[in-house]
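Below is one structure, written out as structure tokens, with a few remarks after it.
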Amino acid sequence: MSETGLVQIIEGALLAAGRPLTVVQLAELFDEHERPENTAIREALDEAAARCEGRGFELLEVAGGFRFQVRQSLSPWVVRLWHERPQKYSRALLETLALIAYRQPITRGEIEEIRGVAVSTNIIKTLHEREWIRVVGHRDVPGRPAMYATTRQFLDYFNLKSLDQLPALAEIRDLETLNAELGFSESLPDHIGSGEDSPGLTVVGGTEYKPAMDQAADSAVTLSEATDDLESRAAQAQIAEQGDVDHDENSAFSQEDNTPAIESAKPESQG
């Protein structure tokens, strides 16, 4: 098999799949006697990415694998292909999601303490329905509040390979102090964040987000800026969803999940 042929096969598979594909999944497209090495597949992916230079789409690696998608800079024009405007996520929902991503595993009470307002049940429900968060345990305190963490679907939707690709977050408040004030003094279960018995979970650094080593301290963003980053990523993801209507069963925003739970009409104080 020629190298050019391999690149073409991979490009066709990624376009037809309607979802990210890993190197292993791409290798399974071939019979055993002609199956290329993983190194050859990665080289072909690099070439496919290079071919996208200067074009309106790009090859991106996310947590679930590799996929083609429209460049975010083209969203003002591409979005006009659809009569209905993409649903916009409320600021309260994205801010709640940002706190879960950076401080996971975290309880609803901790989120409310940091934000200073109540987190509506509708927001938690929406995040669960999108499969962006899941319960990874419960605090051993009265009421046994659930602890939330993000999922692989969250990473894929927001074009992330890992949480470390998020911008470094400036300190909001010392979480150990917050836990003490809320009466959450027990340590987290050992399996949280270890990856064991937690399929699809991505928990980095326990309850504290730890940025990549090359992120300078002076580049840390505020919670508001971190929310802006998620909002920008969501806008790009919604364009990809609109263009992938034929693969709605694999979409992070399927038609049957198109509920009015985005809360765009609710005031911030209710979030």
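The values are calculated or read from the model by the stated rules, or taken from the named source; none is laboratory data. Quantities reported herein were computed from a predicted structural model and do not represent experimental measurements. Note that we place each Cβ from the backbone using ideal geometry, even for glycine, and neighbour counts take in every protein chain shown.
For the range 131-162, residues that are within 20 Å of Ala220 (Cβ to Cβ) and more than 8 Å from the chain's Cα centre (by Cα) total 1. Figure legend. Inter-residue proximity from the range 81-101: first residues more than 12 Å from Val117 (Cβ to Cβ), second residues buried (at least 24 other Cβ atoms within 10 Å of the Cβ) and at pLDDT below 90, beta-carbon distance below 7 Å, spacing 6+ or different chains. Indicated pairs: Ala98/Ala226.
Here's a check for you: in the range 1-59, which residue that is of a type in the set (Gly, Ala, Ser) and not in a helix (DSSP H, G or I) is farthest from the chain's Cα centre (by Cα)? Of everything passing the filter in the range 1-59, Ser2 is farthest from the chain's Cα centre (by Cα). Please verify whether Arg67 is closer than 25 Å to Ala17 by Cβ and crowded, with 21+ Cβ neighbours inside 10 Å, treating the condition exactly as stated. Spelling it out, Arg67 is indeed closer than 25 Å to Ala17 by Cβ and crowded, with 21+ Cβ neighbours inside 10 Å. Taking the range 52-68, which residues are touching a residue at least 40 places away in the same chain (Cβ under 8 Å) and among the charged types (D, E, K, R)? Selection gives Glu61, Arg67. Listed by position, the helices (runs of 4 or more DSSP H) inside the range 106-170 whose residues that are among the β-branched types (Val, Ile, Thr) number at least 1 are 108-115, 121-129. Taking Val70 as meeting all but one of (1) at pLDDT 90 or above; (2) in contact with a Gly (Cβ under 9 Å, 6 or more places away or on another chain), write down the number of the exception. If we test Val70 against (1) at pLDDT 90 or above; (2) in contact with a Gly (Cβ under 9 Å, 6 or more places away or on another chain), just (1) comes out false. For Pro76, the requirement of being within 19 Å of Asp228 (Cα to Cα) and surrounded by fewer than 20 Cβ atoms within 10 Å (Cβ to Cβ) is met.
Within the set of pairs 6 or more residues apart or between chains, which connect a residue that is assigned by TED's automatic domain parsing to the domain that holds Ser224 and more than 15 Å from Val136 (Cα to Cα) inside the range 104-124 to a residue that is part of a helix (DSSP H, G or I) and acidic (Asp, Glu) with Cβ atoms less than 8 Å apart? Partner pairs satisfying both residue conditions: Glu113/Glu181; Arg115/Glu95; Val117/Glu268; Ala118/Glu112; Val119/Glu112. Taking first residues from the range 32-50 that are assigned by TED's automatic domain parsing to the domain that holds Thr22 and closer than 12 Å to Glu11 by Cβ and partners that are outside any helix (DSSP H, G or I) and among the acidic types (Asp, Glu), the Cβ contacts under 9 Å between residues at least 6 apart in sequence or on separate chains come to Leu45/Glu61; Ala49/Glu58; Ala49/Glu61. Within the range 88-103, not a single residue is surrounded by fewer than 16 Cβ atoms within 10 Å (Cβ to Cβ) and either touching a Lys or Arg at 6+ places or on another chain (Cβ under 9 Å) or outside any loop (DSSP other than H, G, I, E, B) (or both). For Glu47, the conditions (1) within 24 Å of Gln153 (Cβ to Cβ); (2) in contact with a helix residue (DSSP H, G or I) (Cβ under 9 Å, 6 or more places away or on another chain) are fulfilled apart from (1).
Scanning the range 28-41 for residues that are of a type outside the set (A, V, I, L, M) and either surrounded by 14 or more Cβ atoms within 10 Å (Cβ to Cβ) or touching a Lys or Arg at 6+ places or on another chain (Cβ under 6 Å) (or both), we see that the one that is nearest to Val7 (Cα to Cα) is Pro36.
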